[in-house]
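To start, the structure under review is shown below, and the notes come after it.
The values are calculated or read from the model by the stated rules, or taken from the named source; none is laboratory data. Quick caveat: nothing in here was measured; it's all calculated off a predicted structure. Cβ coordinates were reconstructed from backbone atoms using ideal geometry, including for glycine residues, and neighbour counts include every protein chain displayed. Just the protein is used for accessible areas: all its heavy atoms, side chains included, with ligands, DNA and RNA removed. Shrake-Rupley method; radii C 1.70, N 1.55, O 1.52, S 1.80 Å.
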Amino acid sequence: DLSKNSRFKIGFEVEKEDDSFCVDYSDVEEEGWTIENDGSLDDCTGFELKSPILPLDNLRKVFKHINKMAQYIDASYSSSCGGHIHISDTKRTPREILKQIKGYEPLIFAMYPFRVEENYCKPKKFERYERDNDKHQALALSANTLEIRIFPSPKNTDVLKFRTELLKFMLENPAKSVATV
């Protein structure tokens, strides 16, 4: 956890499948990141890059970490690869965050229309996210974070930085209705 004294926190799960890529675990571990196998990816070419918990209210620090992992984030990917992002707020529960960013939901789904048909990031009627709390829904609640699963694997570091800025904006500017957005 590298987010000491931060109100907003973020964590990344970046899935990649790249047959020309060789993973150097020492580089990743030095920065507090991990690389794991993911059952939804090819055993030989697939990997999931996971970040430490980062301080979302310090974009410079988050972007520095993203830049250090550029060779992994910029690797090739398939349509099976996701780019899940966990967000949290020390002053709100994940359920409260979910309710307070409800107005952004159609915007996010419109940005990634091909993902709404996938079984591992299914959108639901808003009221069902809390009730069902299925791990494979587009917005998944855990005890500590709201996981945004609708994002595909980022093409590169710039895309991941854009998503980071978008989520920070959403946390700082609650919008319970589409009209507000």
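In region 62-71, the count of residues that are open to solvent by 10 Å² or more (accessible area, probe 1.4 Å) and in a loop (DSSP other than H, G, I, E, B) is zero.
For first residues located in region 45-71 and aromatic (Phe, Trp, Tyr), partners that are outside any strand (DSSP E or B) and modelled with pLDDT of 95 or more and lie 6+ apart or on another chain with Cβ distances below 7 Å form the pairs PHE63/LYS161.
What number of residues within region 149-159 satisfy the criterion of being assigned to a helix (DSSP H, G or I) and surrounded by fewer than 16 Cβ atoms within 10 Å (Cβ to Cβ)? Step through it out loud before you land on a result.
Taking region 149-159 as the starting set, the residues that turn out to be assigned to a helix (DSSP H, G or I) are 157-159.
From what's left, surrounded by fewer than 16 Cβ atoms within 10 Å (Cβ to Cβ): 158.
So the answer is 1.
In contact (Cβ under 8 Å) with a residue 24 or more places away in the chain, open to solvent by less than 70 Å² (accessible area, probe 1.4 Å) and within 16 Å of LEU167 (Cα to Cα): does that describe PRO123?
On the way: in contact (Cβ under 8 Å) with a residue 24 or more places away in the chain: yes; open to solvent by less than 70 Å² (accessible area, probe 1.4 Å): yes; within 16 Å of LEU167 (Cα to Cα): no.
No.
Residues in region 160-172 that are in contact with a Pro (Cβ under 9 Å, 6 or more places away or on another chain) and open to solvent by 70 Å² or more (accessible area, probe 1.4 Å): PHE162 only.
The residues of region 5-43 that are at pLDDT 90 or above and either farther than 23 Å from PHE63 by Cα or in a loop (DSSP other than H, G, I, E, B) (or both), listed by number, are ASN5, SER6, ARG7, GLY32, TRP33. Here ALA110 clears all of (1) small (Gly, Ala, Ser); (2) buried (at least 17 other Cβ atoms within 10 Å of the Cβ); (3) at pLDDT 90 or above except the condition numbered (2).
When HIS86 is tested against the conditions (1) surrounded by 14 or more Cβ atoms within 10 Å (Cβ to Cβ); (2) assigned to a loop (DSSP other than H, G, I, E, B), the lone failure is (2). Restricting ALA175, ALA138, ALA143, ALA179 to those that are open to solvent by less than 50 Å² (accessible area, probe 1.4 Å) and modelled with pLDDT under 90 reduces the list to ALA138.
On the given criteria, is LEU141 within 14 Å of the chain's Cα centre (by Cα) and either closer than 14 Å to GLU13 by Cα or basic (Lys, Arg) (or both)? Full working, then the answer.
On the way: within 14 Å of the chain's Cα centre (by Cα): yes; either closer than 14 Å to GLU13 by Cα or basic (Lys, Arg) (or both): no.
Answer is no for this residue.
For the residues GLU105, GLU117, the requirement of being surrounded by 14 or more Cβ atoms within 10 Å (Cβ to Cβ) and closer than 14 Å to ALA138 by Cβ singles out GLU105.
For region 112-148, the set of residues classified as more than 27 Å from ARG7 (Cα to Cα), hydrophobic (A, V, I, L, M, F, W, C) and assigned to a helix (DSSP H, G or I) consists of PHE114 only. Within region 72-83, the residues that satisfy the criterion of being of a type outside the set (Phe, Trp, Tyr) and either open to solvent by 80 Å² or more (accessible area, probe 1.4 Å) or assigned to a loop (DSSP other than H, G, I, E, B) (or both) are ASP74, ALA75, SER76, SER78, SER79, SER80, CYS81.
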